[in-house]
Amino acid sequence: MKDVPTINVDRGPIPFSERIYLGPIVKGLAVTLRHFLRNLFGHRDVATIQYPEVKRQYSERLRGRHILTTKEDGSLRCVACFMCETACPADCITIVAEEDPEATVEWEKKAALYEIDLLRCVFCGYCVDACPKEAIIMSRQHEMAFGAREEAVVGIDELRQKGPIEDQDLGYRPYF
């Protein structure tokens, strides 16, 4: 193989102003100051909103907090078929079944325990799709704050439908 000559290029000394990066630092600070002043004095093209007073508009199909629907007599529609628990990719639903003494069919079950861990839930809506009785639906309520992890595990009492379903702000339901 031939010897290929190596060429060394000397760049020369770097000026002091380039060594301390003064120009780029000043440009970056100018951009930051410009955005700060724009947000401070409230121009129209500001991305920040005043959250508690102003809320963003979300899609009608927003998947928010879960609701366990009830029958006309006030009992849960859930027959403890475990379809939602099986379909859940985050494994955040826990169901314990028991026999329903007031059932019209002698072998019908009901949920003795129905819990959803909202910190593990990814709000995908698979549980709503899997439910054959439309016992679980999703509302558009997405603002949830918890002080402790135990508060994020909600049971039947917190999930139960409160009032007529028409009065609820419902989000994703596959058949509507």
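The numbers here are math on the coordinates, done by the rules we state, and not lab data. Given the structure is predicted, the values throughout are model-derived calculations rather than measurements. Cβ atoms come from the backbone with ideal geometry, glycine included; neighbour counts cover every protein chain shown.
Shown here is the pair-distance distribution of the range 69-113: with all Cα-Cα distances grouped in 5 Å bins from zero up to the longest one, the shares run 5, 22, 26, 24, 14, 7, 2 percent. Sorted largest first, the principal axis extents computed over the alpha-carbon atoms of the range 66-167 equal 41, 30, 24 Å. Would you kindly give the portion of the calculated P(r) for the range 27-74 that falls above 16 Å, as a percent of all Cα pairs? Summing the P(r) tail past 16 Å for the range 27-74 gives 66 percent. Loop only per DSSP, at most 13 neighbouring Cβ atoms within 10 Å: give me the chymotrypsin sites (Phe, Trp or Tyr not before Pro) in the range 72-130, ordered by residue number. Loop-located and lightly packed - TRP107.
Show log10 I(q)/I(0) for the chain at q = 0.12, 0.16, 0.17, 0.19 Å⁻¹, two decimals, from a solvent-free Debye sum over equal Cα scatterers. Evaluating at q = 0.12, 0.16, 0.17, 0.19 Å⁻¹ gives log10 I(q)/I(0) of -0.70, -1.01, -1.10, -1.26. Computed from point charges on the beta carbon alone (+1 for Lys and Arg, -1 for Asp and Glu), the dipole magnitude for the chain about its Cα centre is near 1540 Debye. With respect to the chain, whose longest principal axis is taken over its alpha-carbon atoms, helix 22-40 is tilted by about 40°. Taking the DSSP bridge list for the chain and keeping only pairs wholly inside it, about 95 percent are antiparallel. Computed from the C-beta positions of LEU33 and THR6, the FRET efficiency with R₀ = 45 Å rounds to 0.40.
Projecting the Cα atoms of TYR114, TYR126, THR86 onto the charge dipole of the range 66-167, computed from C-beta unit charges around the Cα centre, puts TYR126 farthest toward the positive end.
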